[in-house]
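Written out below as structure tokens is the structure these notes cover.
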Amino acid sequence: MERKHMSAYSLYQTLSQESPPPAKKPSLQVPVKKKKKQRENGVAATKPSSKSPTKVERKKKRKQLIKSAQREENLKRDNEQEDPCVNGDGEVLDTLLADLARVNNSRERASKLFQWLIHPIPAKTFFRDTWEKKPILVKRQNPDYYKGLFSTAEFDRILRQDDVQYGVNLDVTSYTNGKRETHNPPGRALPFTVWDFYESGCSLRLLNPQAFSSTVWSVLSILQEQFGSMAGANVYLTPPGTQGFAPHYDDIEAFVVQLEGKKHWRVYNPRTEDEVLPVFSSPNFSEADIGKAILDVVLEAGDLLYFPRGFIHQGDCFPDAHSLHITISSYQKNSWGDLLLKVVPAALEVAMEEDVDYRQGLPLDYLTYMGVQNSDKDDPRRAKFLSRVENLMKKLTSYAPVDAAVDQKARDFLHDCLPPVLTPEELASSVQGAPARWENGEVLNAGARISSQTRVRLLRAGCARLCSDGEMVHLYYTTDNSRVYHKEELKSFEIKTEHTDAIESLIHSYPKFVTVGSLPCDSAEDRIGLAELLFERGIIHTAEPL
């Protein structure tokens with residue numbers, strides 16, 4: 001699908017300008033650097049000379065043209081390689097999710113849904129130029145673009161029908177005169193009290209909307225495959241003329257999706273290099289702490305604002321409109337450093353078992369010249385000690401069990417994951433839709449069984465993972481997870497050594513269906529037994545209903 005994009009797509013634009021495209025055509029705004037002044041002391045800049053450009057000037061102009069052409073070619077190539085938008089006209093989200101349900105591969109489904117979220121930016125361009133680097137605003141001038149994701153009416157329904165607890169599921173907050181406060185009473189959040197807080201100027205934050213909203217659950221369960229990291233969400237409802245939170249930065253990548261009304265946002269650069277892509281969220285800041293905003297914009301329904309972790313932000317409502325937005329987040333504690341926190345201790349354990357250099361004792365007198373109290377001493381023993389530490393650290397990489405550490409990260413991710421939302425076809429062909437049922441006092445269709453000819457595959461690309469602790473092999477899976485974060489323990493069971501090849505075959509053959517008889521097991525009985533076990537745990541489903 002060919003689409004028009006702004007010529008200066010990857011360059012910074014002036015924030016004060018209105019979005020150039022007509023209604024229902026999205027535009028992009030990103031932080032800018034101010035242009036050089038063209039007037040000095042109230043006098044217009046001199047007109048360019050009528051002389052022919054010099055050789056140097058012509059060369060510079062050619063380079064600029066080439067660079068511009070390359071930029072345009074990159075954009076064109078990105079758009080040719082990826083469908084710019086599954087749902088470019090902003091159709092109701094339920095229709096989009098129904099369309100995605102017909103996509104055979106869950107990874108492709110995740111890619112398409114993410115593309116819809118950030119349209120018109122091609123995902124490849126976003127991850128190359130923007131992800132973890134800078135904030136960006138997408139102005140759509142289409143208030144219905146995210147229609148169906150969540151609403152104030154849905155908020156009210158949840159308060160009336162579900163057990164929403166203050167501090168667990170809902171926060172009541174305010175930010176006035178530079179002071180941030182939380183006003184949570186104990187117990188259940190009932191509509192009368194909640195809406196009284198709102199009327200008095202408090203903001204409402206629903207902490208885990210996926211536990212109450214099937215649509216939010218569906219969206220997040222799909223997007224988590226795009227990120228390879230937990231996708232979470234908070235919903236924020238802010239009264240007109242108020243602000244609910246102090247300026248701060250977060251430890252997640254944030255996608256602010258404006259659903260209703262409008263909100264004024266200011267985004268600020270990280271204050272220092274130490275706060276770029278931080279490990280933890282910040283405390284509340286005062287205005288004096290944060291400097292000048294690099295992005296000062298208004299989000300209206302249908303707009304999107306993205307900013308990386310570490311970028312300070314604050315949002316307030318105008319007196320004439322409330323705001324409802326949902327922040328979709330990911331990539332919390334998913335850095336190289338987080339991986340190495342698992343790699344290094346394990347590497348040391350291996351090194352101490354296998355290499356005597358790591359088991360040799362420390363020098364008898366090392367406490368006399370090492371440590372903070374001795375750090376300023378000019379002692380040759382210090383240099384020798386530090387050199388030994390450096391050599392041991394370098395050699396440590398040869399003992400690093402990187403795959404095992406990655407599996408630890410994978411187990412954490414699988415524990416974080418939402419369970420998959422089944423499509424009608426998946427429901428009919430999985431254990432949840434198996435034909436056995438109770439009717440008129442007897443069990444019907446309980447004899448439906450998997451055979452060697454039954455075709456099966458994983459329910460989702462990433463719903464199961466084989467991991468070994470060195471002695472036993474376990475299969476970890478997400479299909480029994482709760483919609484409430486970590487409400488259930490991480491699900492796993494031991495896999496017989498002779499069945500590991502069959503499990504790997506199923507994992508690597510996705511999204512293709514394979515016959516049970518083709519699984520590399522020792523006997524037909526083993527193949528069918530393994531398939532029945534995986535089917536009963538909801539990890540696989542059949543090509544046709546049993």
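The values are calculated or read from the model by the stated rules, or taken from the named source; none is laboratory data. All figures in this text were calculated on a predicted structure; none of them were measured in a lab. Backbone-built Cβ (ideal geometry, glycine too); neighbour counts: all protein chains shown.
The table for this structure:
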| read-out | value |
| --- | --- |
| Test: residue in segment 429-445 that is modelled with pLDDT under 95, assigned to a helix (DSSP H, G or I) and surrounded by fewer than 14 Cβ atoms within 10 Å (Cβ to Cβ) | yes |
| Residue, surrounded by the fewest Cβ atoms within 10 Å (Cβ to Cβ), within segment 519-539, restricted to residues that are small (G, A, S), touching a helix residue (DSSP H, G or I) at 6+ places or on another chain (Cβ under 8 Å) and not in a loop (DSSP other than H, G, I, E, B) | A524 |
| Test set (1) of a type in the set (V, I, T); (2) over 26 Å from the mean Cα position of the chain (by Cα); (3) part of a loop (DSSP other than H, G, I, E, B) - T479 fails condition number | (2) |
| Matching residues, segment 512-540, being among the acidic types (D, E) and more than 21 Å from S492 (Cα to Cα) | D522, E525 |
| The one condition in (1) aliphatic (A, V, I, L, M); (2) part of a helix (DSSP H, G or I); (3) touching a helix residue (DSSP H, G or I) at 6+ places or on another chain (Cβ under 8 Å); (4) free of Cβ contacts under 8 Å to residues at least 60 places away in the same chain that V406 fails to fulfil | (4) |
| Subset of segment 291-338 [of a type in the set (D, E) and either surrounded by 22 or more Cβ atoms within 10 Å (Cβ to Cβ) or within 18 Å of the chain's Cα centre (by Cα) (or both)] | D303, D338 |
| Any hit, segment 174-181, residues being among the β-branched types (V, I, T) and exposed (fewer than 14 other Cβ atoms within 10 Å of the Cβ) | yes |
| Every residue from segment 143-161 that is buried (at least 16 other Cβ atoms within 10 Å of the Cβ) and more than 22 Å from E300 (Cβ to Cβ) | I158, L159 |
| Pair list, Cβ < 7 Å and 6+ apart or interchain, from segment 153-170 residues that are assigned by the TED database to the domain that holds A189 to residues that are surrounded by 14 or more Cβ atoms within 10 Å (Cβ to Cβ) and in a helix (DSSP H, G or I) | D156/P191; L159/P191; L159/V194; R160/P191; V164/I158 |
| Exclusive hit being within 30 Å of N169 (Cβ to Cβ) and in contact with a helix residue (DSSP H, G or I) (Cβ under 6 Å, 6 or more places away or on another chain), set Y485, Y476 | Y476 |
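Here's the yes/no breakdown for (1) surrounded by 15 or more Cβ atoms within 10 Å (Cβ to Cβ); (2) more than 30 Å from G228 (Cα to Cα):
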{"position": "L340", "(1), (2)": "no, no"}
{"position": "V356", "(1), (2)": "no, yes"}
{"position": "L362", "(1), (2)": "no, yes"}
{"position": "M370", "(1), (2)": "yes, yes"}
{"position": "K377", "(1), (2)": "no, yes"}
{"position": "K384", "(1), (2)": "no, yes"}
{"position": "E390", "(1), (2)": "no, yes"}
